[in-house]
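The values are calculated or read from the model by the stated rules, or taken from the named source; none is laboratory data. Since the model is a prediction, treat every value here as computed from it, not as a measurement. We place every Cβ from the backbone using ideal geometry, glycine too, and count neighbours over all the protein chains shown. In case anyone asks, the SASA skips ligands and DNA or RNA and just uses the protein heavy atoms, side chains included. Shrake-Rupley method; radii C 1.70, N 1.55, O 1.52, S 1.80 Å.
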Amino acid sequence: MNRQLQEYERWRAEPQRFWLEAAQALHWTRTPTVGCDLSDAPNGRWFGDGELNACENAVDRHVAAGRGEHTALIHVSAMTHSERRISYAQLLDEVARLAGALRRLGVKAGDRVIIYMPMVPEAVFAMLACARLGAIHSVVFGGFAARELAVRIDDAKPTLILSASCGLEPGRVVDYHGLLCKAMEHANHQPSHCLILQRPQGPATLRAEIDIEWQEALRDAPRVDPVPMPAHAPLYVLYTSGTTGKPKGVVRDTGGYLVALAWSMPNVYGTNPGETFWAASDIGWVVGHSYIVYGPLLQGCASILYEGKPVGTPDAGAYWRIVEQYRVTTLFTAPTAMRAIKREDPDGKFMREARLDSLRALFLAGERADPDTVRWAAEKLDRPVIDHWWQTETGWPMVANALGLGLLPIKPGSPTRALPGYQIEVLDSEGCALPPNTQGELVIKLPLPPGCLPTLWNDPAGFHAAYLRAHPGYYTTGDGGHIDEDGYVHVMGRIDDVINVAGHRLSTGELEQALAGHAAVAECAVIGVADALKGTSPVGLVVLKAGIGVAAGSPAAATLVAELVRRVRDEVGPVASFQRCHVVTRLPKTRSGKVLRATMRAIADGRPFDIPATIEDPAVIDEIRAVLEVRHD
Ligand code: COA
Ligand code: AMP
């Protein structure tokens, strides 16, 4: 029997023992004696009597074991053409001093600290320094606009914000400090201070009262020791898009998360201490938290922090040259990055030119990996291409082909089988289990394994409503799909109003809120339509208020659309890639007022569609077809 299947059976037989054994990979200041405490069912609390520190496990432990000279982080910037290697001993020094500076500024265990930074090593130091103090970090992705940052500031109520003067995107310098200032103008909550890392590519003018220059804050800062934290203490809050316009603060506990990551590094990713692991993502996303920062460092790997893109910085060979130069063993990226590379280099010329012998496998996640892309990459790389399925809420993969346990046959289009900890089922909308190969809602039987969210920040009721209410005894993933006769899970896409644009998760509700705020808009809908590069791209449909006097298709409508596009960019952020919007006279709705999104999506994607019998006015479909059937890719 394959070892992944054996491990799964071992977990099913004795789940508590399975995870208590896995917990031995960490250093605990108080070793846990219980795995999952179910006294607050359906919520489970992992390793309730354990105590540990995340930073100590990721950094100090390796130095104490005599591995201080090994490389911990390699910052590779395609934007500044620079490289910086940081050993575990240097990382410890940086992090212990930064923690000392934060403590001097009043940060203590349980406080929140927002980190709004580009892909620079200081962002990782910041996360680990918070963890060292037991403070809860909340990293906000740089591609969000000031308003989105403001919403997170008001929800997390940080003691401090750590930011940088600028980020670097191809062709432009992103004014992080300016965006931070604007966000603080919108926010009700104000942090006591902001620590600003000055970058020479775009220095900021600091505000006298509140900003402190990073190096200034570090001057004479004492080195502080890690603070032992209860296993269930939150390590971080990471906001993600839900079905409403308001982002959800996913809480991550400390002990369960570290145990899950420590288990996944050798077993799922097949990675050993001392090897180079590269998750080509951003620290603003869950992939960055788990597999740029905590996972590789727990395992004593060298982790690459890449500031650049898969293409255009300068070309589609960027990834492969990095793999060659740093002897990367495990590469993890989003399918959209692979599609971008395939588009520029369909014959895989750059892959052939680089020496890729260190590379064991390519892992893909963040959105559905289309079989064509999986096959193309597998053929050109001559390596396993491993699709795996997870989400911000789970913190680590739910379904994967576990490289470290011996691969199962790969079926392109499926991320393979459930990992230990996850009992995945397919239910219909009434909660009835569906037979193999039947499409339904993908759910996880409770309790969730270690690593998964215990709750939402400031919103335990919202946690129940969003994830546990629909199907009692199960966690609702929000994804639809089926399980085949071999137990392989096939994830077909979201069944709610969340969309995935180039591996970035967005809520259509958030985009609609930005459109609806325009004075001319009476009502609107945003749908995600298929996009050859980004997987999905958002398309807006707006109905104007009576008396606005702008006819659909007129030059005035084009001007208005440009305003709306700008508005979404300013309010949600460039990451939404919102470029397509149409003025229509009406939205297609049922008689009870429900907008027919699925019908519109099918029209835009050129799929067969049904017009529900309950439609308010079938004639409206002609106008929607006229605007949506025009291909834009
Ligand atoms: N800070 C500020 N702005 C950012 C940003 C950041 N950290 N990240 C992205 N943006 C901006 C980009 O500059 C771009 O702005 P523009 O409209 O002015 O060009 C916009 O957000 C969209 O960015 P992106 O999604 O990167 O699209 P792109 O067209 O520049 O590149 C891909 C396309 C496919 C190369 C790119 O989307 C990609 O690499 N995707 C992989 C995503 C990923 O790793 N996801 C993590 C999950 S594993
Ligand atoms: P995020 O929380 O940003 O990681 O996005 C999670 C969502 O991305 C999931 O709910 C899925 O819709 C999608 N997703 C992630 N990985 C995969 C995958 N391997 N296959 C299909 N969809 C995926």
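Values for this structure:
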item	result
Meets criteria (open to solvent by less than 20 Å² (accessible area, probe 1.4 Å) and in contact (Cβ under 8 Å) with a residue 60 or more places away in the chain) for residue 151	no
Test set (1) over 18 Å from residue 122 (Cβ atoms); (2) without any contact (Cβ under 8 Å) to a residue 12 or more places away in the chain - residue 226 fails condition number	(2)
1 or more residues acidic (Asp, Glu), farther than 16 Å from residue 505 by Cβ and open to solvent by 20 Å² or more (accessible area, probe 1.4 Å): qualifying helices (runs of 4 or more DSSP H) within the range 230-343	318-326
Matching residues in the range 330-355 - criterion: being within 22 Å of the chain's Cα centre (by Cα) and either under 27 Å from residue 267 (Cβ atoms) or touching a residue at least 40 places away in the same chain (Cβ under 8 Å) (or both)	330, 331, 332, 333, 334, 335, 336, 337, 338, 339, 340
Residue count, the range 170-180 (criterion: touching a residue at least 24 places away in the same chain (Cβ under 8 Å) and either open to solvent by 50 Å² or more (accessible area, probe 1.4 Å) or over 24 Å from the mean Cα position of the chain (by Cα) (or both))	4
Residue in the range 177-191 that is outside any helix (DSSP H, G or I), within 16 Å of ligand 1 (Cβ to nearest atom) and closer than 22 Å to residue 569 by Cβ present	no
Residue in the range 352-360 that is within 15 Å of ligand 1 (Cβ to nearest atom) and touching a helix residue (DSSP H, G or I) at 6+ places or on another chain (Cβ under 9 Å) present	no
Subset of the range 132-176 (residues that are hydroxyl-bearing (Ser, Thr, Tyr), away from ligand 2 (no atom under 16 Å from the Cβ) and not in a loop (DSSP other than H, G, I, E, B))	163, 176
Unmet requirement for residue 453, which otherwise passes all of (1) more than 12 Å from ligand 2 (Cβ to nearest atom); (2) in a loop (DSSP other than H, G, I, E, B)	(1)
Cross-chain or 6+ apart pairs with Cβ under 9 Å, the range 484-502 first and without any contact (Cβ under 8 Å) to a residue 12 or more places away in the chain and outside the structural domain of residue 9 (by TED's automatic domain parsing), then open to solvent by less than 50 Å² (accessible area, probe 1.4 Å) and outside any loop (DSSP other than H, G, I, E, B)	none
Test for residue 126: is it in contact (Cβ under 8 Å) with a residue 12 or more places away in the chain, under 21 Å from the mean Cα position of the chain (by Cα), surrounded by fewer than 24 Cβ atoms within 10 Å (Cβ to Cβ) and away from ligand 2 (no atom under 16 Å from the Cβ)	no
Number of positions in the range 497-533 that are open to solvent by 40 Å² or more (accessible area, probe 1.4 Å) and more than 16 Å from ligand 1 (Cβ to nearest atom)	7
Cβ-Cβ under 7 Å pairs, at least 6 apart or on other chains, the range 464-478 side of a type in the set (Ser, Thr, Tyr), far side within 16 Å of ligand 1 (Cβ to nearest atom)	477/391
Lone qualifier among 204, 183 - being under 24 Å from the mean Cα position of the chain (by Cα) and open to solvent by less than 60 Å² (accessible area, probe 1.4 Å)	183
Tally, over the range 365-397, of residues that are under 26 Å from residue 446 (Cα atoms) and either within 9 Å of ligand 2 (Cβ to nearest atom) or not in a loop (DSSP other than H, G, I, E, B) (or both)	13
Any hit, the range 229-236, residues being modelled with pLDDT of 95 or more and either among the polar types (S, T, N, Q) or within 16 Å of ligand 1 (Cβ to nearest atom) (or both)	no
Residue 278 being outside the structural domain of residue 125 (by TED's automatic domain parsing), aromatic (Phe, Trp, Tyr) and more than 14 Å from ligand 2 (Cβ to nearest atom)	no
Residue check for residue 316: touching a residue at least 24 places away in the same chain (Cβ under 8 Å), more than 19 Å from the chain's Cα centre (by Cα) and within 16 Å of ligand 2 (Cβ to nearest atom)	no
Filter pass, residue 56 being assigned to a strand (DSSP E or B) and of a type in the set (Asp, Glu)	no
Residue identified as within 16 Å of ligand 1 (Cβ to nearest atom), farther than 23 Å from residue 371 by Cα and in contact with a Lys or Arg (Cβ under 8 Å, 6 or more places away or on another chain) among 462, 395	395
Set 586, 580: member being at pLDDT 90 or above, assigned by TED's automatic domain parsing to the domain that holds residue 510 and surrounded by fewer than 18 Cβ atoms within 10 Å (Cβ to Cβ)	586
Residue 429 being modelled with pLDDT of 95 or more and either in contact with a strand residue (DSSP E or B) (Cβ under 6 Å, 6 or more places away or on another chain) or open to solvent by 10 Å² or more (accessible area, probe 1.4 Å) (or both)	no
Count of the range 468-501 residues which are of a type in the set (A, V, I, L, M), more than 12 Å from ligand 2 (Cβ to nearest atom) and not in a loop (DSSP other than H, G, I, E, B)	2
Test: residue 65 is of a type in the set (A, V, I, L, M) and closer than 25 Å to residue 135 by Cβ	no
Failed item, numbered, when residue 76 is tested on (1) within 30 Å of residue 168 (Cβ to Cβ); (2) more than 25 Å from the chain's Cα centre (by Cα)	(2)
Subset of the range 60-85 (residues that are farther than 30 Å from residue 320 by Cβ and out of contact with any His (no Cβ under 9 Å at 6 or more places or on another chain))	63, 65, 66
Single condition residue 313 does not satisfy, out of (1) within 12 Å of ligand 1 (Cβ to nearest atom); (2) touching a Lys or Arg at 6+ places or on another chain (Cβ under 9 Å)	(2)
Residue among 392, 330 that alone is modelled with pLDDT of 95 or more and more than 18 Å from residue 500 (Cα to Cα)	330
Count of the range 22-36 residues which are closer than 17 Å to residue 229 by Cβ, open to solvent by less than 80 Å² (accessible area, probe 1.4 Å) and not in a loop (DSSP other than H, G, I, E, B)	1
